[in-house]
Amino acid sequence: MTESQRPSGEYPMYPSYGNGEAAYPPPPSYQPVQPAFPAPTGPASPGPAPEPPAARRRVRKPVALVAAVAIAAAVVGGGTATVIGRLADAPAATAAGSGVVPGTTVSQSDKGTVAGVAKALSPTIVEIGATSTAGQSTGSGVVITSDGEIVTNNHVIADASQIKVTLSTGKTYTADVVGTDPDKDLALIKLEGASGLKTATLGDSSQVAVGDQVVAIGSPEGLTGTVTSGIVSALDRDVTVAKEGDNGQGQEQQGGGRQWPFEFGGQQFNGDTGESTTTYKAIQTDASLNPGNSGGALINMNGEIIGINSAMYSASSASGQGSSGAGSVGLGFAIPVNTLKADLDTLRAGNGS
């Protein structure tokens, strides 16, 4: 048996208490400090220490903010919720190249209806009266900026010495030609002294499909704000039109005068296109178009402009019965809006191709 040898007094001796000879340290004269978080009882190992209250509060603040935004959107209504969604999706839309130029849109409750599209977009479509040596012609146009930039067909304002524009409210402005592109049958005019106008949304014509429902708005025969509807009946139709007015031949005259001529499928309609022509790929629609619709809007059911109406087929004038009996037979043609968007900078610079 081994023994531990140590000097006497190396360890202090405490007086005993209670019965027996065992010696215990005396109880402390104060209450020991308890730990802030008591150790768990049982065999399980302790988990990570809980976060301090301040840290928990910092985490909760962003969550509360997001919840507040969501509640506000729900209370204010569908319009605000739509705006928030669009802002959140903006990077993705830009990357996808949707090409939508913001403007007036159809409300959520009216979206998908002809009445809703007409209500939202009619204030953005104008009547254009152009005076030239050949007389007075009437067409339509689309407002694209709040200070009065308006897109129309080149043949509507070709050779015009004076241009008057009438809004859907009846207010009239004088307009100046900013730029023309006869090769694409497009023109840009600008109202004098206009501000605060409602503007149209330029959509993405690459997304248009045969069978899509569409709405056409314009001023056929001077009947401002006329609305018709139909479907896209074909895409990429080759339509040939005259570049210039050719002494009024290419303009839409009031009172049964000469109408806008164009060529399709090797045949000429509504008169002679003349020697100076241009051909473009058009959207074909069965929405009713008549003289005066040129330069107006072809619109999808989201309220986005997908084309600029430019020509129509007229069986009566094609058969030589004269222009007075001409009318829509469900074959209209529109310049795709992506052609317009690609040409806007050129038109604004006052140049044409």
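In the range 145-154 there is at least one residue that is touching a Phe, Trp or Tyr at 6+ places or on another chain (Cβ under 9 Å) and either touching a residue at least 60 places away in the same chain (Cβ under 8 Å) or β-branched (V, I, T) (or both). Step by step: first the residues of the range 196-232, then only those that are of a type in the set (S, T, Y), open to solvent by 20 Å² or more (accessible area, probe 1.4 Å) and modelled with pLDDT under 95, then the one that is nearest to A311 (Cα to Cα). Which residue is that? So the residue we want is T226. In the set A115, A120, only one residue is over 20 Å from G222 (Cα atoms), in a helix (DSSP H, G or I) and open to solvent by 40 Å² or more (accessible area, probe 1.4 Å); that residue is A115.
Filtered by the rule that a residue be in a strand (DSSP E or B) and under 28 Å from Q213 (Cβ atoms), the range 275-289 gives T279, Y280, K281, A282, I283, Q284, T285. Taking first residues from the range 224-235 that are under 17 Å from V126 (Cβ atoms) and touching a residue at least 60 places away in the same chain (Cβ under 8 Å) and partners that are open to solvent by 60 Å² or more (accessible area, probe 1.4 Å) and in a loop (DSSP other than H, G, I, E, B), the Cβ contacts under 6 Å between residues at least 6 apart in sequence or on separate chains come to G225/S168. Of all residues in the range 173-193, at least one satisfies being open to solvent by 50 Å² or more (accessible area, probe 1.4 Å), assigned to a strand (DSSP E or B) and acidic (D, E). Restricting attention to the range 123-147, the residues that are farther than 17 Å from G218 by Cα and not polar (S, T, N, Q) total 3.
If you go through the range 154-172 and keep only what is in a strand (DSSP E or B) and of a type outside the set (S, T, Y), you end up with Q162, I163, K164, V165.
Conditions tested, residue by residue: (1) open to solvent by less than 10 Å² (accessible area, probe 1.4 Å); (2) among the acidic types (D, E).
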position: T131; (1), (2): no, no
position: D147; (1), (2): no, yes
position: H155; (1), (2): yes, no
position: I163; (1), (2): yes, no
position: T166; (1), (2): no, no
position: T169; (1), (2): no, no
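Report yes if Q254 is open to solvent by 30 Å² or more (accessible area, probe 1.4 Å), at pLDDT below 95 and in contact with a Ser or Thr (Cβ under 6 Å, 6 or more places away or on another chain), otherwise no. Spelling it out, Q254 is indeed open to solvent by 30 Å² or more (accessible area, probe 1.4 Å), at pLDDT below 95 and in contact with a Ser or Thr (Cβ under 6 Å, 6 or more places away or on another chain).
Against the list (1) open to solvent by less than 20 Å² (accessible area, probe 1.4 Å); (2) at pLDDT 80 or above; (3) not hydroxyl-bearing (S, T, Y), the condition M301 fails is (1).
The values are calculated or read from the model by the stated rules, or taken from the named source; none is laboratory data. Just so it is clear, the structure is predicted and the values come from calculations on it, not from any experiment. We place every Cβ from the backbone using ideal geometry, glycine too, and count neighbours over all the protein chains shown. Only protein heavy atoms, including side chains, enter the accessible area calculation; ligands, DNA and RNA are left aside. Shrake-Rupley method; radii C 1.70, N 1.55, O 1.52, S 1.80 Å.
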